[in-house]
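Asks: Quick one: structure below, then a few questions.
Just so you know, all these numbers are worked out from the coordinates, no wet-lab data involved. Quick caveat, the model's predicted, so the values are computed rather than measured. In this analysis, Cβ positions are derived from the backbone assuming ideal geometry, glycine residues included, and neighbour counts consider all displayed protein chains.
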Amino acid sequence: MDLKQDTNENAANDAIIRDIRNAIVGLDYGTVTIKVHNAKITQIEITQKRRYDDSGLVEKGGGI
């Protein structure tokens, strides 16, 4: 492996790590799924949940 290819792979790995970190930091509730194919990360999926502590207000006529 030459130095240029190694540098490109390091940059790609850094970008993936940054994307995973940003997905986690930006998530209050939910999941981050990392898909792997042939021992390489191929996809990151984010499922975000919204939680409402005052959900009982709708039932009591608080409405939306």
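Asks: Applying the Karplus parametrisation 6.51 cos²θ - 1.76 cosθ + 1.60 with θ = phi - 60° to the phi angles of the range 12-23, what ³J(HN,Hα) value in whole Hz is obtained for each residue in order, glycine and proline being reported as x?
Replies: With coefficients 6.51, -1.76 and 1.60, one gets 5, 4, 4, 5, 5, 4, 4, 5, 5, 4, 5, 5 Hz.
Asks: So, one more: May I ask you to evaluate 6.51 cos²θ - 1.76 cosθ + 1.60, the Karplus curve with θ = phi - 60°, for each residue of the range 30-43 and list the ³J(HN,Hα) values in order in whole Hz, giving x for glycine and proline?
Replies: x, 9, 10, 10, 10, 8, 10, 9, 6, 6, 10, 5, 10, 7
Asks: By how many nm would the segment from R51 to N10 grow when fully extended, if each residue of separation counts as 0.36 nm and the alpha-carbon distance is taken off?
Replies: Answer, rounded to one decimal: 11.0 nm.
Asks: I've got another one for you. Cβ under 13 Å from T31's Cβ, T31 left aside: what net charge do those residues give with Lys, Arg +1 and Asp, Glu -1? Write out the running numbers ahead of the final one.
Replies: Numbers: positive: K35, K49; negative: D28, E45.
Here the charged neighbours net out to 0.
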